[in-house]
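A.B. asks: Questions regarding the structure given below will be posed in turn.
No lab work stands behind these numbers, since they all come straight from the coordinates. Note that the structure is predicted; figures quoted are calculated from it, not measured. All Cβ positions, glycine included, derive from the backbone under ideal geometry; neighbour counts span all protein chains shown.
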Amino acid sequence: MTGMTSSARPLLNRRLAEFGTTIFAEMSALATSTGSINLGQGFPDTDGPDEIREAAVRALRDGRGNQYPPGPGVPELRTAIAEHQRRRYGLSYDPDTEVLVTAGATEAIAAALLALLEPGDEVIALEPYYDSYAACIAMAGGTRVPVTLRPDEGTAEGAPDGTAHRRFRLDLDELRDAVTDRTRLLLVNTPHNPTGTVLTRAELTEIARIAVERDLLVVTDEVYEHLVFDDAEHVPLATLPGMRERTVTIGSAGKTFSFTGWKVGWVTSTQELVTAVRTAKQYLTYVSAGPFQYAIAEALRLPDSYFDSFRADFRRKRDLLGDGLHAAGFKVYQPQGTYFITTDITPIGEKDAYAFCRALPERCGVVAIPNSVFYDDPDAGRSQVRFAFCKKDDVLHEAADRLQRLAS
Ligand code: PMP
Ligand code: GLN
């Protein structure tokens, strides 16, 4: 052998050595190769509003955004993001200096961590964590410190007895104890993927208190801000006392408007923090999604009725799939937000989420995600499996029917 491959040194640098193909790509490929219903990767099987798709077509035809858009994002979108934050949450951001458009929330996460971390800085992240968090902390040379959400035992309020179990809960004492002199940043995600937990105002107030007391930066991934059900309320961390000046808030049009392929995301924060994140972002994609940015500016101005029916629709889908999973014998943790349901497979006689998910297409033609990959210690989530309900009702009915085979 010659050249690079002859050396004993592996090609992939050691920061990324623990990372392989993302579970989402792996499981979507499995769905395609087996012709299964894909309840794994979280993408809707129905596109967002027609008028927003048409707005993108118009922008393309009119030549808006077909060449590099401005680095921070087109002014129309930055203004619409600032208006959305003000209208929804009473948060005021200057569209010129405190808003940054990114290539999806994924780039926002990467740019924020690359910009704000020094090698060796500790980052506290809620576990199970969305997979890009671990990879981006690693790329930035940071050290991740997980604080694990654990399911409360018992039946969820309002659920018929035994059908849905309580939410995963954050132990605030554990969070407080996890902070050290090396902690630089809290990486929060609410509504939380994969558990569906929506952190309460009381929990977030305590997180804010810890951040202020210990002078920590906070990056908060709120991409599911509009997917909150029942009595749960989405409270942006930046609205809490002392938080606006230390919080980088991340949103995504993919989730809110069901255009995940457009990859339009954004950051809102102080000028200083946005400038830092933009510095890293410039050298990642520089810019992206020109014409789509104009369309999403219109989407953010849709009337409240859009957001209300979006939420009602997904609540119905949650119940439809939740009932099916319960009937098939899974232990169902009732999500208050996101479009995911986490289940426990122990009651159907299974132990290993990854092996179960690999075999599920053959057993009943459905694909799901093993939550074990979202834990530092996979044993912690060994029996948890996540199902996405962002699919047409008839697809969810069909998936529920197929999953009943596991019960027999
Ligand atoms: N954060 C969370 C919690 C997500 O679930 C996702 C993806 N679905 C993202 C970020 C990435 O969002 P985007 O597709 O906008 O990059
Ligand atoms: N966020 C989506 C999920 O959790 C997947 C996005 C991706 O594939 N990177 O399923």
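A.B. asks: Once you put a point 7 Å from the Cα of D215 and another 7 Å from the Cα of R201, both along the Cβ direction, what distance in nm separates them?
C.D. replies: 3.1
A.B. asks: Using a cut-off of 13 Å between beta-carbons, work out the net charge of the residues near G20 (Lys and Arg +1, Asp and Glu -1, G20 not included).
C.D. replies: -3
A.B. asks: Normalised by the number of residues in segment 86-201, what is the relative contact order in percent for Cα pairs under 8 Å and 6+ residues apart?
C.D. replies: 24
A.B. asks: Quick check on the chain: take the gyration tensor over C-alpha atoms, sort the square-rooted eigenvalues as a ≥ b ≥ c, and tell me if it's rounded (a/c under 1.5), prolate or oblate.
C.D. replies: Rounded is the answer for the chain, as its axis ratio a/c remains below 1.5.
A.B. asks: With a 10 Å radius around each residue's Cβ, average the other Cβ atoms per peptide and rank 367-379, 349-361, highest first.
C.D. replies: Top of the packing list down: 367-379, 349-361.
A.B. asks: Name the long-range amide H neighbours of H165: under 5 Å, sequence gap of 5 or more, or other chain; modelled H, no Pro or chain starts.
C.D. replies: Amide H neighbours of H165, under 5 Å, 5+ apart: A156, V332, Y333, Q334.
A.B. asks: Can you spot the lysines whose alpha carbon is less than 29 Å from K392's alpha carbon? Ignore those fewer than 8 places along the same chain.
C.D. replies: In chain and number order, the partners are K255, K263, K317, K331.
A.B. asks: Calculated FRET efficiency, K351 and E54, Cβ-Cβ r, R0 45 Å, to nearest 0.05? Could you put the intermediate results ahead of the total?
C.D. replies: Working: r = 49 Å, r/R0 = 1.10.
That pair, K351 with E54, gives E of 0.35.
A.B. asks: With θ set to phi - 60° and the Karplus curve 6.51 cos²θ - 1.76 cosθ + 1.60, what are the ³J(HN,Hα) couplings of segment 110-125 in order, to the nearest whole Hz, using x for Gly and Pro?
C.D. replies: For segment 110-125, the Karplus-derived couplings read 4, 5, 5, 6, 5, 6, 9, 9, 9, x, x, 5, 8, 10, 8, 10 Hz, x marking Gly and Pro.
A.B. asks: Show that you can apply the helix-only estimate: for the chain, add -39,500 (n - 2.57) for every DSSP H stretch of four or more residues, divide by all residues, and state [θ] at 222 nm to the nearest 500.
C.D. replies: Working: 13 runs with 155 residues, N = 408.
The per-residue figure over the chain is -12000 deg cm²/dmol.
A.B. asks: Taking θ as phi - 60°, what are the ³J(HN,Hα) couplings along segment 332-343 by the Karplus curve (6.51, -1.76, 1.60), each to the nearest whole Hz, with x for Gly and Pro?
C.D. replies: Residue by residue, segment 332-343 yields 9, 8, 5, x, 9, x, 6, 10, 10, 10, 8, 10 Hz.
A.B. asks: Determine the relative contact order of the chain: mean sequence separation of Cα pairs under 8 Å and six or more apart, normalised by residue count, in whole percent. Please list the in-between numbers first.
C.D. replies: Numbers: 844 pairs, mean separation 95.2, N = 408.
Reported as a whole number, the value is 23 percent.
A.B. asks: Once each part is reduced to its C-alpha centroid, what is the distance from segment 343-408 to segment 69-101 in angstrom?
C.D. replies: Taking the Cα centre of segment 69-101 as reference, the centre of segment 343-408 is 39 Å away.
A.B. asks: Which whole-Hz couplings ³J(HN,Hα) result when phi for each residue of segment 305-313 is put into the Karplus expression 6.51 cos²θ - 1.76 cosθ + 1.60, θ = phi - 60°, listed in order with x for Gly and Pro?
C.D. replies: 4, 4, 5, 5, 6, 4, 5, 5, 4
A.B. asks: Rounded to the nearest 5, what % of DSSP beta bridges with both residues in segment 204-351 are antiparallel?
C.D. replies: 65
A.B. asks: Another question, if that's okay. Could you order the peptides 211-220, 50-59, 189-198, 98-107 from most to least packed, using the average number of other C-beta atoms within 10 Å per residue?
C.D. replies: Order by mean packing, descending: 189-198, 98-107, 211-220, 50-59.
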